[in-house]
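K.L.:
Have a look at this one before I ask anything.
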Ligand SMILES: [Mn+2]
């Protein structure tokens, strides 16, 4: 591919739309070469589209919509937050920054946003920061998971936790292998990822016989939604190995449409916010959560922004739990 001169669109990230602000009032940083941060927020609006019209799908608006509802996620960082047992950052000197969004470059066929996303996240993980990424569709964890290579090794592989109605094991759709139906298949091919838990799967789970067979051959741990409802989150946590590094990918349709209506394919019987929260807190207590993404939110279908607020609240719960588990700084640090 010919070298394209550096311009605005060649930047790895660009700030969010000004009216959207930043997530949780955090400082906006788009110079990431020497990143200093404990936690980063990043929008990856664009997946790897299956059809030309899907390049501009509704999901591309989710990162800025989630930023825009910040004051409904957290009125102020100083307030007591009952989900996490105090102010979100617990008064500790945590540096959380909003890296903006990974731009789509129309000058490059197919875009080069996955390359940019992977590049910026490699910097994030090199800096030892936790990533909280807002998609975008469910293709966007693919560059995230590739970048996680720098935070793990084949000897200490990452445990992938997916919350989703669908198993996402397609090898390709329309010849596109990095799209929204394939993130778990791609993850399964990465040497630095082992043990995949797929939680909340239900209905037909978009698993054709060959995808289900591939998941079983790999040894994917499929935890259907109704198993979570019947056995409880504790039983799911007990199945997940302790003292590991974890990465969490949440497809909004894994959550029940009564709580997360802004999805393309609502499926009854999904996980509740309460169950997701418990799972996140449980994982933080088990080991090191390296990051989390929340994808597949379609803001135009939302009801009173509840799905975007829910996404923000899941992020707050991960942060609050990680801060109190001394991920970033000990309690007595000043
Ligand atoms: Mn999915």
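K.L.:
Highest mean first, what order results for 312-320, 68-76 on Cβ atoms within 10 Å?
P.N.:
The densest-packed peptide leads the list: 312-320, 68-76.
K.L.:
Would you please state the base-10 log of I(q)/I(0) at q = 0.08, 0.09, 0.13 1/Å for the chain, with intensities from the Debye formula using one equal scatterer on every alpha carbon?
P.N.:
Here log10 of I(q) over I(0) equals -0.33, -0.42, -0.93.
K.L.:
Would the stretch 17-130 count as rounded, prolate or oblate if I go by the C-alpha gyration tensor, calling it rounded below 1.5 in a/c and otherwise prolate when a/b exceeds b/c, oblate otherwise?
P.N.:
Here the stretch 17-130 falls in the oblate category.
K.L.:
For the chain, what does -39500 (n - 2.57) per DSSP helix run (n ≥ 4), summed and divided by total residues, give at 222 nm, in deg cm²/dmol to the nearest 500?
P.N.:
Working: 10 runs with 95 residues, N = 334.
Roughly -8000 deg cm²/dmol at 222 nm, from the helical runs in the chain.
K.L.:
If you take the square roots of the eigenvalues of the alpha-carbon gyration tensor of the stretch 285-334 and sort them as a ≥ b ≥ c, do you get rounded (a/c under 1.5), prolate (a/b over b/c) or oblate?
P.N.:
Prolate is the answer for the stretch 285-334, as a/c is 1.5 or above and a/b outweighs b/c.
K.L.:
Sticking with the crude label model, points 7 Å out along Cα→Cβ, report the distance from residue 27 to residue 203 in nm, one decimal please.
P.N.:
4.5 nm
K.L.:
Can you tell me how much longer the chain between residue 234 and residue 329 gets when fully stretched, taken as 0.36 nm per residue apart minus their C-alpha distance, in nm with one decimal?
P.N.:
Using 0.36 nm per residue and subtracting the Cα-Cα distance, I get 31.4 nm.
K.L.:
Going by average Cβ neighbours within 10 Å, how do the peptides 275-283, 263-271 rank, with the highest at the top?
P.N.:
For the peptides 275-283, 263-271, the packing ranking is 275-283, 263-271.
K.L.:
Quick one: check the C-alpha center-to-center distance for the stretch 91-170 versus the stretch 37-51, whole angstrom.
P.N.:
Measuring centre to centre over Cα atoms gives 7 Å.
K.L.:
Which residue, 46, 166, 80, has the most motion in a Gaussian network model of the chain that connects Cα atoms within less than 10 Å?
P.N.:
Sorting by GNM fluctuation, first place goes to 80.
K.L.:
Still on this structure, please answer the following. Run the simple label-point estimate for residue 51 and residue 107 please: 7 Å along Cα→C-beta, distance reported in nm.
P.N.:
3.1 nm
K.L.:
If a/c stays under 1.5 just call it rounded; otherwise compare a/b with b/c (prolate if a/b is bigger, oblate if not). Do that for the stretch 238-291, with a ≥ b ≥ c from the square roots of the Cα gyration tensor eigenvalues. Each step should come with its number before you reach the end.
P.N.:
Details: a/c = 2.95, a/b = 2.30, b/c = 1.29.
Since a/c reaches 1.5 and a/b is larger than b/c, the shape of the stretch 238-291 is classed as prolate.
K.L.:
If you take every DSSP beta bridge fully contained in the stretch 8-324, what fraction is antiparallel? Give it as a percent rounded to 5.
P.N.:
Around 10 percent of the beta bridges assigned by DSSP in the stretch 8-324 are antiparallel ones.
K.L.:
Another question, if that's okay. Go through 24-34, 86-96, 155-165 and give me the packing order, highest mean Cβ count within 10 Å leading.
P.N.:
155-165, 86-96, 24-34
K.L.:
Looking only at the stretch 31-177, where both bridge partners belong to it, what percent of the DSSP beta bridges are antiparallel (to the nearest 5)?
P.N.:
Roughly 25 percent of the DSSP beta bridges within the stretch 31-177 come out antiparallel.
K.L.:
Separate question: Can you work out the PRE-style zone for residue 17? Point 7 Å along Cα to Cβ, and I want the residues of the stretch 34-60 with backbone N under 20 Å.
P.N.:
Residues 41-47, 53-60 fall inside that zone.
No lab work stands behind these numbers, since they all come straight from the coordinates. All values derive from a computational prediction rather than experimental measurement. Don't worry about glycine lacking a Cβ; one is built from the backbone with ideal geometry, like all the others, and counts go over all protein chains shown.
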